[in-house]
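Notes follow once the structure below has been shown.
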Amino acid sequence: MTNHDEESASAIALSWLHRFAQAVQQTDAAQLNDIFEENAGWRDLMALTGNLRQAHTKAEIIDLLLAVAPDMKPQAFRLDDERPGPSRTATTPPQIELFFEFDIELGHVRALAYLTEAGHAVTLMTQLTELAEVTPVWPKVGRFDDEHPATRWRDHIAQKAAFVDDDPEVLIVGGGQFGVMTAAHLARQGIEALVIDRLPRVGDVWRTRYEALQLHQPYGVVQFPFLKFPENFPEYIPKDKFADWFEIYVRALDLNFWTSTTFETADYDDVDEVWNVSLKVSDGTSRTMRPKHLVLAAGGLSVPEWPDLPGLNDFQGSITHASQYVDATPHTDKNVLIVGVGTTAHDIALDVTAAGGHATLLQRSPLIVVDLPTANKMYGDFVDRSVSTDLVDARFLAGAVYPQLREGFLAFQRTVADVEDAELRAGLERAGMRLWAGQDDTGFYYSFLRSLGGFYINVGASDAIIRGDISILQSEDLLQFNESGVSLHDGTTRKFDAVVFATGSQPPIVGVAQLLGDHVAEKLGDVWGFDSDGEMRNVCKPTAQRGLWILMGSLPMARWHSPLVAMRIAAELRGLIPAAFQDPDHITWHRPFNIVAADSGRLIADAPTPATLTVGA
């Protein structure tokens, strides 16, 4: 871009920023009307709304801004000096990328807008990054001996983690990526949370999974906050190396982590506004804790799904669930039927084949398959180690306004995946696999956001299927199981020595009900999938049960959302949330359209009138 282009982009961006600041501070609907496109989208991440919220048209954006600005008092709008200056994107047509920042009553906000040449915003993302009245305790300065003259560091860490004389303000159930990242961000805010996990070693949540597992997302996508992977890490990290990283991370950041600890029961005390949590700790004794916040970091939410297949009780071979699968050693020279065709099913099938066994996948529904190089094109700058993860994260988060997100996935599937993977798909279909491109051709990542699965990124199993090394059996061909295998509708039989159910887990709300009771589950409703805003239902944001947080999703989602959850919890503990924002449903939308995630995922028009909302409802 020439100097003239840079000056022009900067002039348009600065003019828009000035007008936006003035309009928001004066709560002037007419001014706001002049600076947004009709179909603009705004995504707010715990900033002006104190929650995860979206607005999908100019009318919605104006209504929402006018509703929340008086409480949050935005001020001091300026360019973000730590990020690139205004510039034109390489898209067609080009847009002007504007990184800026401002302050609100709650803290500091970083923002990103994409503008047309006419100076109208197409996309706006606002993200809370610091709390106004909470000074982070990191980075630490000085000597440990000066701060704790009578204590050795090792003893101090052990005493801190023991919680002998008090209880943690935040108890995190589950030691996976969400658990440790959220604990790290809380520690930075000066809040000593406790992470518990039922497994005996930090990182076992990954270490104990099947031996063939390695991450299917590249190095840059799965980075951790505060502690970047060393340069010697491979592009796709093996699960044992990744598990060891959890141990390194917890030790390096002095996080409080109890292993071999089982969550037993919990109930909420509405009077004292604390949880009564019963734990069984590593020495077999019980411990009751009363944290103000309970975070379910996917710990205990995975309840294996066991489909009811005809005649299965007659089968005399081994039957296991993929969650119990370790490696293919017991299946050498054996015929193994794997029920399911998702990522885990493919990985197990490839593992069995490599060990000298023969694997057959039982397919029950169509699958999205994308080749690994193709999937990497969706990750964009995440695969470039020279680009700041923080910068790429900001751009990705801004692009996650629901209508634009969905259209982006659809465009990627039709213009990239369908073209580049055509030969792969044809080969799989010839081998007997049923394929599709996802709901309305929206592809693999949209499928993950809707249902946590339904796709496979090919790292070798698809090639094995095409070669005939892995067989495909369709569920409609299955009549029933028998003692030695299965009987098919065409009168033939297939012999199997073992069946592995790679059928995933029941809906997360089932796990919530098992941990906290049906009454809490009924209060929450569904967990995961798109809500009416276009955010995930009951995930990484306040829920209808006070003091309860549910964190789940992909590795990058843990990096994106853990700081937001930590700041919101810290703000609640310190009394910084405006009264009108305390209720998780403090903004009730009455939309002219709905997101029908369970059906087609389309935006369905119901009425031409603009959206209205109620604050404090």
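Assorted remarks:
- Whichever residue in the range 43-90 is part of a strand (DSSP E or B) and not hydrophobic (A, V, I, L, M, F, W, C) and, among such residues, is farthest from L106 (Cα to Cα): R88
- Among the residues listed as A23, A30, A11, A40, the single one being closer than 18 Å to A121 by Cα and touching a strand residue (DSSP E or B) at 6+ places or on another chain (Cβ under 8 Å): A40
- For first residues located in the range 496-507 and closer than 13 Å to S323 by Cα, partners that are surrounded by fewer than 20 Cβ atoms within 10 Å (Cβ to Cβ) and among the basic types (K, R) and lie 6+ apart or on another chain with Cβ distances below 9 Å form the pairs T503/R364.
- Of the helices (runs of 4 or more DSSP H) contained entirely in the range 330-440, those carrying at least 1 residues that are within 28 Å of H561 (Cβ to Cβ) fall at 343-354, 372-379, 389-398, 402-412.
- Checked against (1) within 21 Å of G504 (Cβ to Cβ); (2) β-branched (V, I, T); (3) crowded, with 21+ Cβ neighbours inside 10 Å, V202 meets all criteria but (1).
- Only one entry of A13, A9, A30 meets the criterion of being over 30 Å from S562 (Cβ atoms), among the hydrophobic types (A, V, I, L, M, F, W, C), without any contact (Cβ under 8 Å) to a residue 24 or more places away in the chain and in the same structural domain as D80 (by TED's automatic domain parsing), and that entry is A30.
- Subset of the range 397-440 [within 23 Å of A461 (Cβ to Cβ) and not hydrophobic (A, V, I, L, M, F, W, C)]: Q413, D418, E420, D421, E423, R425, G427, E429, R430, G432, R434, G438
- Checked across the range 224-241, the condition of being in contact with a helix residue (DSSP H, G or I) (Cβ under 7 Å, 6 or more places away or on another chain), loosely packed, with under 14 Cβ neighbours inside 10 Å and of a type outside the set (F, W, Y) holds for at least one residue.
- Against the criterion of being in contact with a Gly (Cβ under 8 Å, 6 or more places away or on another chain) and at pLDDT 95 or above, T123 qualifies.
- Elements of type strands (runs of 3 or more DSSP E) in the range 476-561, at least 2 residues being buried (at least 18 other Cβ atoms within 10 Å of the Cβ) and in contact with a His (Cβ under 7 Å, 6 or more places away or on another chain): 498-501
- Only one of the numbered conditions (1) surrounded by 24 or more Cβ atoms within 10 Å (Cβ to Cβ); (2) touching a Phe, Trp or Tyr at 6+ places or on another chain (Cβ under 6 Å) is not met by N335, and that is (1).
- Taken as a whole, the structure places V271 among residues that are out of contact with any strand residue (DSSP E or B) (no Cβ under 6 Å at 6 or more places or on another chain), farther than 17 Å from G517 by Cβ, aliphatic (A, V, I, L, M) and surrounded by fewer than 18 Cβ atoms within 10 Å (Cβ to Cβ).
- Of residues in the range 175-196 being aliphatic (A, V, I, L, M) and in a loop (DSSP other than H, G, I, E, B), the one farthest from the chain's Cα centre (by Cα): I191
- Candidates in the range 48-73 are the residues that are in contact with a Pro (Cβ under 9 Å, 6 or more places away or on another chain) and of a type in the set (G, A, S); of these, the one that is surrounded by the fewest Cβ atoms within 10 Å (Cβ to Cβ) is A59.
- In the condition set (1) surrounded by 17 or more Cβ atoms within 10 Å (Cβ to Cβ); (2) more than 26 Å from the chain's Cα centre (by Cα); (3) farther than 23 Å from G534 by Cα, G107 is compliant with all but (2).
- Close pairs (7 angstrom Cβ cut-off, 6 or more residues apart or separate chains): closer than 20 Å to D347 by Cα in the range 209-228, of a type in the set (A, V, I, L, M, F, W, C) and outside any loop (DSSP other than H, G, I, E, B) anywhere: Y210/I348; A212/L350; L215/F242; H216/I457; Q217/L555; P218/F382; P218/V383; V222/L555
- The range 280-316, subset over 30 Å from V539 (Cα atoms) and buried (at least 18 other Cβ atoms within 10 Å of the Cβ), residue farthest from the chain's Cα centre (by Cα): F315
- Among the residues of the range 197-225, those that are over 19 Å from the mean Cα position of the chain (by Cα) and assigned to a helix (DSSP H, G or I) comprise D204, R207.
- Members of the range 131-174 that are in contact (Cβ under 8 Å) with a residue 24 or more places away in the chain, out of contact with any helix residue (DSSP H, G or I) (no Cβ under 8 Å at 6 or more places or on another chain) and not in a loop (DSSP other than H, G, I, E, B): I157, K160, A161, L171
- Residue ID - farthest from E192 (Cα to Cα), chosen from residues in the range 226-264 that are assigned to a strand (DSSP E or B) and among the hydrophobic types (A, V, I, L, M, F, W, C): F263
The values are calculated or read from the model by the stated rules, or taken from the named source; none is laboratory data. Not measured: the values here are computed from a predicted model. Please note: Cβ atoms are built from the backbone with ideal geometry, for glycine as well, and neighbour counts cover all protein chains shown.
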